[in-house]
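Trainee: Can you read through this structure? Questions will come right after.
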Amino acid sequence: MKENRIVFVDYLRVVACFLVMLVHASENFYAADASGLAGNVSMLVNEQNRFWVAFYDGTLGRISVPLFMLASAFLLVPLKPGVRMVDFYKRRFKRVLTPMIVFMLLYTFLPLLWGQMTWEQSWTDFTMLPFTFPSMAGHLWFMYPLISLYLIMPVVSPWLERASARDERLFLCISSHASSNSRHPDGLQVCRSSHSVCT
């Protein structure tokens, strides 16, 4: 069977891969320490360069993982006809959960072998695994939002099959305002004033 490729999704993934490399290339300017675990410490030539490191890493580069998640959501939702929720979960979580659990446990207990972590810290990391990544595995942060995305896909899929573009825009507007209202002092007023944009 011939696979139908969606070319713009391939380009999206290429851009996201490049941005991941950009983030990691910038980390030595702020994340490295004397231990050498995060690489050698790189010093800025001058203070003006601090803006560019922050711009490349904190602005451009940080959209890389969300771009991967957008690509996954675009390709997986709505679910293909005949795919049951339980089948979707089995297929997705078989690919994601097993390697995630293995690597989370390795990052929790392996540093004990070379004295990089105390037993107390390892045990604390272990007990927090259902809620967050181990202290030595900050780069695995994206697994939790990815799992959340997979959990919600079969739930919203039937609605997306019937929803119009206007319905989708309205939902996105309401949800974005709901998530920002707690931080915005005039959240309700902002929502009312942007009603025309959302509908």
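Residue-by-condition table, conditions (1) under 16 Å from Leu140 (Cα atoms); (2) of a type in the set (Lys, Arg); (3) in contact with a helix residue (DSSP H, G or I) (Cβ under 6 Å, 6 or more places away or on another chain); (4) without any contact (Cβ under 8 Å) to a residue 24 or more places away in the chain:
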position: Phe68; (1), (2), (3), (4): yes, no, yes, no
position: Lys80; (1), (2), (3), (4): no, yes, no, yes
position: Val86; (1), (2), (3), (4): no, no, no, yes
position: Tyr89; (1), (2), (3), (4): no, no, no, no
position: Arg95; (1), (2), (3), (4): yes, yes, no, yes
position: Met100; (1), (2), (3), (4): yes, no, yes, no
position: Phe109; (1), (2), (3), (4): yes, no, yes, yes
position: Trp119; (1), (2), (3), (4): no, no, no, yes
position: Thr124; (1), (2), (3), (4): no, no, no, yes
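Trainee: Just wondering, is there one or more residues in region 21-28 that are open to solvent by less than 80 Å² (accessible area, probe 1.4 Å), on the phi < 0 side of the Ramachandran plot and modelled with pLDDT of 80 or more?
Mentor: Narrowing region 21-28 to residues open to solvent by less than 80 Å² (accessible area, probe 1.4 Å): 22-23, 25-28.
Keeping just the survivors that are on the phi < 0 side of the Ramachandran plot gives 22-23, 25-28.
From the residues that got through so far, the ones that are modelled with pLDDT of 80 or more too are 22-23.
Yes; the residues of region 21-28 include at least one that is open to solvent by less than 80 Å² (accessible area, probe 1.4 Å), on the phi < 0 side of the Ramachandran plot and modelled with pLDDT of 80 or more.
The values are calculated or read from the model by the stated rules, or taken from the named source; none is laboratory data. Only a predicted model underlies this, so the values are computations on that prediction, with no experimental measurement involved. Reconstructed Cβ throughout: ideal geometry from the backbone, glycine too, with neighbour counts over all protein chains shown. The area values use the complete protein model at the heavy-atom level, side chains included, leaving out ligands, DNA and RNA. Shrake-Rupley method; radii C 1.70, N 1.55, O 1.52, S 1.80 Å.
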